[in-house]
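Shown next, in structure tokens, is the structure this report addresses.
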Amino acid sequence: MTDLINMWVYLATSPLLWLTITLLVYLAGQWLFQRSGGRALLNPVALAISLLALLLLLTGTPYATYFSGAQFIHFLLGPATVALAVPLYLHWKRVRQLFLPLAFGLLAGSLTAILSAMGIAWWLGGSLPTVLSLAPKSVTTPVAMGIAEKIGGLPSLTAVIVILTGVIGAVAGPALLDWLRIRDDAVKGFALGVGAHGIGTARAFQISGLAGAFAGLAIGLNALLTALLVPAIIRLLHWLA
């Protein structure tokens with residue numbers, strides 16, 4: 001047992017250990033997801049997050065130590081986001097056809113996400129920084145943290161809420177869309193991208209390439225619109241108060 005502990009202490013100092021564990025945990029989650037027939041509750045991203053968090057707690061590993069290895073995956077988020085332009089280009093004709101519905105859907109989805117989160121937090125007695133931290137919950141993490149910092153929120157809290165939003169959206173979103181009898185993959189993908197950012201987009205690609213393309217479009221547009229809407233809403237609320 002002592003030898004095993006000493007070996008773990010040695011390996012835990014290597015960034016490659018946590019990079020390898022992250023990849024293996026995700027692959028395990030993907031395998032379970034496929035074996036289950038695509039059950040939403042076994043979303044591989046949600047499983048990977050849960051297992052990694054449990055492992056960090058059990059081993060007493062600081063997040064900074066974990067991130068020293070996981071930063072390589074974090075770096076690839078940029079190229080991966082840019083790569084979303086490829087399926088979008090392949091389905092550009094459909095995007096042009098749905099331009100007006102997408103514009104109204106984007107505005108409705110962005111406003112709903114912002115106002116519902118702030119309103120519920122305020123109704124439940126949340127502090128002002130907490131309410132402000134929830135405003136950009138439905139956009140990708142770097143943008144959300146930047147918005148929260150500018151308006152007086154807590155970027156660390158925002159990051160947690162953004163991840164939870166993505167996981168919940170990826171798990172519950174497809175089932176809700178099916179219950180609403182929405183069959184168009186373009187509409188499904190756009191809804192998942194607006195409501196659940198990157199994690200929702202990963203789930204959309206599991207539906208189809210068309211859904212993934214529209215989800216990727218939604219990520220960028222919603223991030224831009226939210227960055228414009230949140231400060232304007234905050235100023236309006238200050239003026240009304």
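Observations, loosely collected:
- In degrees, nearest ten, helix 63-75 long axis to first principal axis of the chain (Cα): 60
- Contact order, relative form, for the chain: 17 percent (alpha carbon pairs under 8 Å, 6 or more residues apart, mean separation divided by residue count).
- Helical runs (DSSP H, four residues minimum) scored at -39500 (n - 2.57) apiece and divided by the length of the chain put the mean residue ellipticity at 222 nm at -28000 deg cm²/dmol.
- Normalised by the number of residues in segment 69-148, the average gap of Cα pairs under 8 Å and 6 or more apart makes the relative contact order 20 percent.
- With the cut-off at under 20 Å, measuring from each backbone N in segment 145-174 to a point 7 Å along the Cα-to-Cβ line of residue 41 picks out 164-174.
- What the chain shows is 58 Å² of accessible area per residue, with the surface traced by a 1.4 Å probe over protein heavy atoms.
- Against the chain, whose longest principal axis comes from its Cα atoms, helix 185-207 is set at around 60 degrees.
- When you count the other C-beta atoms within 10 angstrom of each residue and take the mean per peptide, 136-143, 154-161 line up highest first as 136-143, 154-161.
- Degrees, to the nearest 10: 15-35 long Cα axis against longest axis of the chain: 60
- Spatial offset of segment 90-139 relative to segment 37-76 amounts to 26 Å, using the alpha carbon center of each.
- Values (i) 32, 25, 16; (ii) 45, 18, 16; (iii) 37, 24, 14 are given for comparison; semi-axes √(5λ) of the Cα gyration tensor in Å, derived from the coordinates here, is the one labelled (i).
- Sulfur and carbon atoms: percent of accessible area, the chain [1.4 Å]: 74
- Check: the chain dipole with +1 on Lys, Arg Cβ and -1 on Asp, Glu Cβ, in debye: 620
The values are calculated or read from the model by the stated rules, or taken from the named source; none is laboratory data. Nothing here was measured: the structure is a model prediction, and the numbers come from that model. Counting neighbours? That spans all protein chains shown, and the Cβs are built from the backbone with ideal geometry, glycine included. Note: accessible area is taken over every heavy atom of the protein model, side chains too, but ligands, DNA and RNA are not part of it. Shrake-Rupley method; radii C 1.70, N 1.55, O 1.52, S 1.80 Å.
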